[in-house]
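Presented below is the structure to which this report refers.
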Amino acid sequence: MPIQVKPSGAALGAEIIGADLTKPLDDAAFAQISAAFYQHEVIYLRGQELSDEDHIRFSARFGELRKLKLTSQLHVDHPEIFVVSNIKKDGKHIGSYDAGIFWHTDGAYLPNPHAVSALRALQVPTVDGRVLGATNFASTSAAYDALPESMKKRLDGLQALHSVIQRLNKTLESGLKKDYNAEVKAEPEAVHPLVRVHPINGRKCLYVTEGYTVRILGLPEDESRDLIAELTAQCVKPEFTYLHNWRKNDLVMWDDCSTQHKATFDYAASTPRLMHRTTVVSKTA
Ligand code: SIN
């Protein structure tokens with residue numbers, strides 16, 4: 001069956017139909033999926049009963065996979081897989097359970113942040129036959145394009161500081177317990193342009209998130225705070241978002257340069273949700 005790309009109808013997102021990721025893809029099929037990915041910023045493939053090896057093999061075609069320093073949240077046999085889950089084993093969470101509380105872009109606090117993330121649904125929280133825990137994605141390139149020219153000029157050349165400690169503090173403020181290991185805290189922040197130029201498709205995108213962005217360099221504190229608030233609100237306006245309603249065995253991939261995301265916590269801690277995520281490292285800062 002030839003591969004089909006079906007746009008979601010939202011500002012971003014497309015379903016890829018007709019690909020079986022349990023088998024190696026030929027170059028032409030991969031090129032089609034990759035082109036759809038960089039065009040639509042989020043792609044999803046339903047019904048993929050993947051092994052961890054399949055997941056790693058497919059996502060590694062997009063680039064070098066990162067082994068995160070969040071060691072307690074990594075898959076025990078595959079350090080390329082970051083576990084996102086509310087499940088506890090022997091009283092401890094088996095993965096990151098605060099992964100989506102705030103709008104964020106994964107790895108923004110790293111000097112070479114993530115480029116691509118691929119999240120696979122192994123267990124979805126289901127109540128009365130309804131799947132909960134949807135993930136909302138926002139296109140920060142669409143959000144940038146929609147800005148008035150005067151704002152685009154104002155942002156030109158500005159840089160922002162992103163910190164994992166800010167994310168940690170926000171998580172603690174929300175009432176959840178959380179800490180990061182010393183290795184993560186040793187490399188807690190990075191500076192990036194406020195407007196990034198996408199390395200593959202050249203689109204300009206806002207790189208500023210509720211979760212990680214601490215301040216805009218060179219601006220007075222109140223101006224920096226107000227501009228961060230204005231831009232983060234711009235990014236997540238409903239017209240720039242796509243809500244992914246999960247099914248078991250979905251693989252969803254998003255572009256970490258030009259999107260942000262936030263999970264929905266509308267399910268109880270006792271309702272299990274288990275996701276595996278791989279991330280591709282950016283070649284450039
Ligand atoms: C993440 O923030 O990386 C995971 C999002 C989700 O759990 O839906």
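The values are calculated or read from the model by the stated rules, or taken from the named source; none is laboratory data. Everything numeric here is computed off the predicted structure, so don't read it as measured data. Virtual Cβ from ideal backbone geometry, glycine too; neighbours counted across all protein chains shown. Only protein heavy atoms, including side chains, enter the accessible area calculation; ligands, DNA and RNA are left aside. Shrake-Rupley method; radii C 1.70, N 1.55, O 1.52, S 1.80 Å.
Tallying residues that are of a type in the set (K, R) and under 21 Å from F58 (Cβ atoms) within segment 234-285 yields 4.
For G133, the conditions (1) in contact with a Ser or Thr (Cβ under 7 Å, 6 or more places away or on another chain); (2) more than 17 Å from L274 (Cβ to Cβ); (3) open to solvent by less than 10 Å² (accessible area, probe 1.4 Å); (4) not basic (K, R) are fulfilled apart from (2).
Under the condition of being in contact with a Ser or Thr (Cβ under 7 Å, 6 or more places away or on another chain) and more than 30 Å from L251 (Cβ to Cβ), the residues counted in segment 136-170 number 1.
Consider segment 87-117 and keep the residues that are among the small types (G, A, S) and open to solvent by 10 Å² or more (accessible area, probe 1.4 Å). The one that is nearest to the ligand (Cβ to nearest atom) is A99.
Note on segment 96-164: enclosed strands (runs of 3 or more DSSP E) holding 2 or more residues that are over 13 Å from the mean Cα position of the chain (by Cα) are 114-123, 159-163. Remark: R196 falls outside the filter, which requires a residue to be in a strand (DSSP E or B), in contact with a strand residue (DSSP E or B) (Cβ under 6 Å, 6 or more places away or on another chain), open to solvent by 10 Å² or more (accessible area, probe 1.4 Å) and within 19 Å of R167 (Cα to Cα). When each of T126, T135, T140 is tested for being within 10 Å of the ligand (Cβ to nearest atom), of a type outside the set (A, V, I, L, M, F, W, C) and touching a residue at least 24 places away in the same chain (Cβ under 8 Å), the lone residue that passes is T135. If you go through segment 233-243 one residue at a time, do you hit one that is under 19 Å from the mean Cα position of the chain (by Cα), under 24 Å from L70 (Cβ atoms) and either assigned to a loop (DSSP other than H, G, I, E, B) or more than 15 Å from the ligand (Cβ to nearest atom) (or both)? No, segment 233-243 contains no residue that is under 19 Å from the mean Cα position of the chain (by Cα), under 24 Å from L70 (Cβ atoms) and either assigned to a loop (DSSP other than H, G, I, E, B) or more than 15 Å from the ligand (Cβ to nearest atom) (or both).
Return yes or no: is K170 within 15 Å of the ligand (Cβ to nearest atom) and farther than 30 Å from Q48 by Cβ? Yes, satisfied.
Residues in segment 259-285 that are more than 15 Å from the ligand (Cβ to nearest atom) and more than 17 Å from L110 (Cβ to Cβ): A268, S270. Scanning segment 257-267 for residues that are touching a strand residue (DSSP E or B) at 6+ places or on another chain (Cβ under 8 Å) and surrounded by fewer than 23 Cβ atoms within 10 Å (Cβ to Cβ) yields a count of 4. Within segment 1-28, residues that are under 15 Å from D54 (Cβ atoms) sit with their Cβ atoms under 6 Å from residues that are among the aliphatic types (A, V, I, L, M) and in a loop (DSSP other than H, G, I, E, B), at 6+ positions apart or across chains, in these pairs: A19/I3; L21/L50. Looking at L251, is it modelled with pLDDT of 95 or more, open to solvent by 20 Å² or more (accessible area, probe 1.4 Å) and either within 14 Å of the ligand (Cβ to nearest atom) or within 11 Å of the chain's Cα centre (by Cα) (or both)? For L251, the condition - modelled with pLDDT of 95 or more, open to solvent by 20 Å² or more (accessible area, probe 1.4 Å) and either within 14 Å of the ligand (Cβ to nearest atom) or within 11 Å of the chain's Cα centre (by Cα) (or both) - is not met. Taken over segment 54-77, the criterion of being of a type in the set (K, R) and free of Cβ contacts under 8 Å to residues at least 40 places away in the same chain is satisfied by R57, R61, K67. Checking the structure you have, find out if any residue of segment 69-86 is within 12 Å of the ligand (Cβ to nearest atom) and over 30 Å from S8 (Cα atoms). The answer is yes, given that some residue of segment 69-86 is within 12 Å of the ligand (Cβ to nearest atom) and over 30 Å from S8 (Cα atoms). Total residues in segment 4-57 satisfying the condition of being more than 27 Å from S141 (Cβ to Cβ) and in contact with a helix residue (DSSP H, G or I) (Cβ under 6 Å, 6 or more places away or on another chain): the figure is 1.
Selection of segment 205-230 for residues being open to solvent by 10 Å² or more (accessible area, probe 1.4 Å) and under 18 Å from Y144 (Cα atoms) yields E210, D226, I228, A229, E230.
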